[in-house]
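The values are calculated or read from the model by the stated rules, or taken from the named source; none is laboratory data. This structure is a prediction, so every number in the text was calculated from the model and none was measured. Cβ atoms come from the backbone with ideal geometry, glycine included; neighbour counts cover every protein chain shown. We work out accessible area using only protein heavy atoms, side chains counted, and drop any ligands, DNA or RNA first. Shrake-Rupley method; radii C 1.70, N 1.55, O 1.52, S 1.80 Å.
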Amino acid sequence: MMPLPTTDASPPTEVPDRARRRTFTAEFKRRILREADNAKKAGDVAALLRREGLYSSHLVDWRKAREQGDLAGGTKPRGPAPRPAPDARDLRIAELELENAKLDKRARRAEAMVALQKKVALLMEALSNDEPGEKG
């Protein structure tokens, strides 16, 4: 027996490392919906789905999107909407508010220390007046 010749032009048979979600263009979706809507005989839609490798849920979703007008243009971008860049004034305000909070905390601590020093001075004065061995 002769071994079969191998060619480098054969398609890859290995599974890709990472699965990729299939994406369909708006034009492809509209074409498939047109063909499904024009199907006359029983089984034509099923044959269309098998031929294109689609599921009936694709048709359901795409029909809903068509009714809402989402298939009129391109595809919608996925993910959260981009946030606008913060204004320079807003950044400066946030910076000043943070600095103000730090200074308020520092002022409260200083006032507490002054109040404590007053209490210690009163306590020392009271103790010095109560000691019996002193002349006063």
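Between residue 66 and residue 14, the modelled label-to-label distance comes to 4.1 nm, taking each label 7 Å out from Cα in the direction of the beta carbon. Over region 31-125, accessible surface divided per residue gives 88 Å², non-protein components excluded, 1.4 Å probe. With 0.36 nm allotted per residue and the present C-alpha distance subtracted, the residue 100-residue 51 stretch has 10.8 nm of extension available. The Cα-based radius of gyration and maximum Cα-Cα distance (Dmax) for region 45-116 are 29.4, 88 Å. Considering only 103, 123, 85, and ranking their Cα positions along the charge dipole of region 68-129 that arises from unit charges at the beta-carbon of Lys, Arg, Asp and Glu, the one farthest toward the positive end is 123.
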